[in-house]
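Note sheet for the following structure.
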Amino acid sequence: MTHMSDESVSWWGKWLDKSIVFSFDKNGFRRHSARFDSNDLSVDLTGRVCVVTGANSGLGFATTEALACRGARVWMLCRNPERGQAARKEILQRYPEADLHLAIADLSSFESVRAFVAGFDEPHVDVLIQNAGVLPTERQFTDDGLELTLATNLVGPFLLMAQLLPRMVDADRARVIWVASGGMYAKKLDLHALTGRAGRFDGVSQYAHTKRAQSVLSKQLADRFRAYGIAVHCMHPGWASTPGVQSSIPNFWRVTRQILRSSEEGADTIVWLAACDKAQEQSGLFWFDRQAVPTHLRRGTQSTADEEHALWLQLLEWSGLEDSVFSAPTTR
């Protein structure tokens, strides 16, 4: 029997990672997880308050369960009350002592976001996981005048974070985690495209544009929040078989379902960033399978400092926020 040397294995793994398919799929996760430290998630999160958006299914559900079973108090932000209640009940059946709380909030609605925060009585927030997202097949606009994908995936979460920021300043080792997508690698930051108003609507393309913007925003927030001890991370989960993938891009799901990651595998790095402190001092990086990775894989997708600043200004305008909310957060 022939054995490959460590050098050959390393070379073969790098080649597979460049193929994308064999990195983003379940085989990629299994290969990458061989280097994980099993002690990283052997943690007690008692006393930590975590807010997870889109918590009733897929990556959000897997993340919620993983944090709750480690003792965290987890707030499940869900748009649909029935689905949220069913998800909470399912986790409690497996972990009866879990400290789970359900809150109804639609990230696409500024009014809903503000209503949630107004009734939220936690004095501090340790972890905010920006996971909620939509991938509509047709162009839709919210009551706030924004295209639905833009509002749900980017502007609503931006507003939520601003509203919760004083409570994160009060926390110890606080962190914000943006759940992006490998689809962003195909896109350049494009404010015109982000509006979702021009030309034929392509839901997959619009989704990818919002995810590219998340990665840019994450770096900007990391620079601003570093002085307050708040880490900001962005990650992508690879290709995971979630209800959202199955319903939003059914053709992709049918072709790839045999090689897709489980929701738990896709959520692993979210949980690692939330529960383990190893990345706390590496704020602003982009993560995949517990490793910092480049935010660009091909030429032509990089953005300039002026373009990135324009995104910041546009987010302030869309959300109706002042820059001072982020530059000088005050404690409660």
Exercise. Under a point spin-label approximation (7 Å from Cα along Cα-to-Cβ), what is the Leu191-Glu281 distance to one decimal in nm?
Worked result: 3.7 nm
Exercise. So if we plug the beta-carbon distance of Glu97 and Arg30 into 1/(1 + (r/R0)^6) with R0 = 30 Å, what FRET efficiency do we get, rounded to 0.05?
Worked result: 0.45
Problem set entry | Zone residues, region 257-276, relative to Glu90, backbone N less than 13 Å from point 7 Å out along Cα-to-Cβ | 263-264
Exercise. Among Lys188/Lys278; Lys219/Lys278; Lys188/Lys219, which pairs are too far apart, with a Cα-Cα distance over 24 Å?
Worked result: Lys188/Lys278
Seminar exercise, completed: Taking the chain and counting helices only, DSSP H stretches of n ≥ 4 at -39,500 (n - 2.57) each over all residues, the nearest-500 ellipticity at 222 nm comes to -13000 deg cm²/dmol
For this session: Please report Val245, Val52 as a ranked list, fewest other C-beta atoms within 10 angstrom at the top and most at the bottom.
Result: Val245, Val52
Exercise. Is the shape of region 20-324 rounded, prolate or oblate, going by the alpha carbon gyration tensor and its root eigenvalues a ≥ b ≥ c, with a/c under 1.5 for rounded and a/b larger than b/c for prolate?
Worked result: rounded
Exercise. In whole Å, how far is the Cα centre of region 70-86 from that of region 123-170?
Worked result: 16 Å
Exercise. If you count, for each residue, the other Cβ atoms within 10 Å and average over each peptide, how do 290-300, 126-136 line up from highest to lowest?
Worked result: 126-136, 290-300
For this session: Using the number of other C-beta atoms within 10 angstrom as an exposure proxy, rank Tyr207, Tyr95 with the fewest first.
Result: Tyr95, Tyr207
Exercise. For Asp44 and Gln258 in one chain, what is 0.36 nm times their gap in residues minus the Cα-Cα distance, to one decimal in nm?
Worked result: 73.6 nm
Exercise. Given the C-alpha centroids of region 33-48 and region 264-317, what is the distance between them in whole angstrom?
Worked result: 21 Å
Exercise. Percent antiparallel among DSSP beta bridges with both residues in the chain, to the nearest 5?
Worked result: 10 percent
Exercise. Using 12 Å as the cut-off for backbone N distance, which residues of region 106-125 belong to the label zone defined by a point 7 Å from the Cα of Asp143 along Cα→Cβ?
Worked result: 106, 108-115
Seminar exercise, completed: Pseudo-spin-label distance Ile20 to Asn251, built 7 Å along Cα→Cβ, given in nm, is 1.6 nm
For this session: Quickly rank 37-47, 84-94, 103-113 as a protection proxy: mean count of other C-beta atoms within 10 Å, highest first.
Result: 103-113, 84-94, 37-47
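Readers should treat all values here as calculations from the given coordinates under stated rules, not as data from a laboratory. What you see is a predicted model; the values in this text were computed from it and never measured. So basically every Cβ, Gly included, is an ideal-geometry build from the backbone, and we count neighbours across all protein chains shown.
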